[in-house]
Structures are given as C-alpha cells and as structure tokens.
Amino acid sequence: MDINKYDYTLVEESDVQSFQESGITDLFKVLCKGLYHCTSIENYYKIVEDGFLRPNEGQFNFTFPQSENSFGYSKGCISLFDFESTREEYAISQHMKWRGFFICWKPATILLNFCHQFCKDKLIPNSSRPRPGDKNKNYKNAIPYVEVWYPEPIPVKAIQNRIIVCPGKDINGKIYFRQYDKDDLSNFENDLVSIINEERNLKRKKGTVSPKSPLSMKDIDRLSMEDFRRKT
C-alpha cells in the first residue's frame, strides 16, 4: 500500500501506518464494493435455513455488549458496512473500531455481500445517526462513516458474494480470506464444511467438544446440503 497517496488533512499518518500493519489491507480492497454483513458460521446456516437475514428485535443474543445500546438495534435495523460510499481516509481513520468485526469468530467469520442497488431505496446512511451532543436526540453507539442500516429482512437470494475470513495471519502478515461469487457456491459450501470438520477434529483431539460448542453441528446437521442449495 502506498501510504503517501492519502490526504493527511483527513487522516493521521499514524492511523494509515497502523492500518497498513493490521493485515487487513488486502481484504479492505475487496470490501470497498457493495455492502457487507459479518456473521459466524453457525449463524450463517441459521440465516440460510430461515431464508432471510433479519434485524435483531430481541430474538437473538448480542454478540457484542455495545450492540444493546447501538443505533441499529434501537431502530430495529440490520447493521451493514458500507466502505464504498465513504472516502478511504475516513474508513481508515476508524479502522480500529470496525476491523475486529471481520475477524471475530472462530474458526472463521462469514461476510455476506449485498449490492447497493438492492438496498438503496431504504438504506439508512451513516449521516442520519444522532451525534454526541445533538440536542433533543438520544445518542446511540455507531461506527462513524462506515456503518449503515437496513430496516427490513434481506432475502438470502440477494447475497451477491460470500467471503470466508480465518483468524490469524499468513506468512506475509496478511489476514487470510477467500471470496466466492454466486457461481462459486459449491466451492464455498465445500470449504465451509471442511473448516467445520477440521475444527471439530482438533477440538475432539483436545477433548473440548461439548454439546454447547458453537461447532457441535446441532443446527448445521439439521440443514441438508440439498436444502442449503435450494434456499441459496
């Protein structure tokens, strides 16, 4: 990455350097097209089984404690990331606030990509959220510049691309990920199952597999691959 290309009136040079060293730069280039939602493998299968990505209206446990006081939750909306509609400098200046969402689940985080065209009529932009100190407005948590919201369930059929992101970094210090488009769904399915089975085998060897494990396959086993393909 050329750190000299940025307008340092909009972002601190130290933020650019920290971002460059974070290992997420290659993934960021992919994220700069469309809208993204991050989820776990377990929750991904639940979304597919349901047929919709739904707002959390109290039916789901909070993955992050701050979500309960978030703008998206207060509005009954789905939180999405929109790097396409903001300047790179603004996104980079806040990377410590959003980076963790893309690598937070083990054995992998699943990123779901939606196009702006599908969501544009009802998408709530980041600029609409109350800011700290706004008069007569109830401030709620939100990630500046890059977090946006959608007020309705999004059908699984609207997913354009999927990305599997694994925790840790490769030998070059980059976060490992693989992108799959709609025509590459079978490879995505196969890779996902391979990751699950590998992690289960590791846990079994360590004696850490339990009925409460996120990788117990309790929910995943209920969903046949034929049903998975049909709903996707």
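Rule-based calculations on the coordinates, nothing more; no lab input. As the structure is a computational prediction, the values presented were derived from the model and not from experiment. As a convention, Cβ positions derive from the backbone with ideal geometry for all residues, glycine included, and neighbour counts pool all protein chains shown.
Spelling out what I want: for every residue of region 168-182, take phi, set θ = phi - 60°, compute 6.51 cos²θ - 1.76 cosθ + 1.60 (Karplus), and round to whole Hz; glycine and proline get x.
With the stated coefficients, region 168-182 comes to x, 10, 7, 5, 9, x, 9, 5, 7, 8, 9, 9, 10, 8, 4 Hz.
Taking square-rooted eigenvalues a ≥ b ≥ c of the alpha carbon gyration tensor, is region 17-135 rounded, prolate or oblate, where a/c under 1.5 means rounded and, failing that, a/b exceeding b/c means prolate?
The shape class here is rounded.
Please compute the Cα-Cα pair-distance distribution of region 74-138 with 10 Å bins starting at 0, giving whole percents from short to long.
15, 41, 37, 7, 0
Taking θ as phi - 60°, what are the ³J(HN,Hα) couplings along region 83-95 by the Karplus curve (6.51, -1.76, 1.60), each to the nearest whole Hz, with x for Gly and Pro?
Rounded to whole hertz, the list is 8, 6, 9, 10, 5, 4, 4, 5, 5, 5, 4, 10, 4.
Of Lys169/Lys206; Lys120/Lys174; Lys120/Lys169; Lys106/Lys205, which ones are farther than 29 Å apart at the Cα? Please report the intermediate quantities before stating the final value.
Numbers: Lys169/Lys206 23 Å; Lys120/Lys174 32 Å; Lys120/Lys169 34 Å; Lys106/Lys205 17 Å.
Listed pairs above 29 Å: Lys120/Lys174; Lys120/Lys169.
Relative contact order, percent, of region 11-128 when contacts are C-alpha pairs under 8 Å separated by at least 6 residues? Let's see the in-between values first.
Details: 92 pairs, mean separation 51.8, N = 118.
Result for region 11-128 is 44 percent.
7 Å from Cα along Cα→Cβ at both Val193 and Asn172: what's the point-to-point distance in nm?
3.1 nm
In whole Hz, what ³J(HN,Hα) sequence does region 38-49 give by Karplus (6.51, -1.76, 1.60; θ = phi - 60°), x for Gly and Pro?
Result, rounded to whole Hz: 9, 8, 8, 4, 4, 6, 4, 5, 5, 4, 5, 5.
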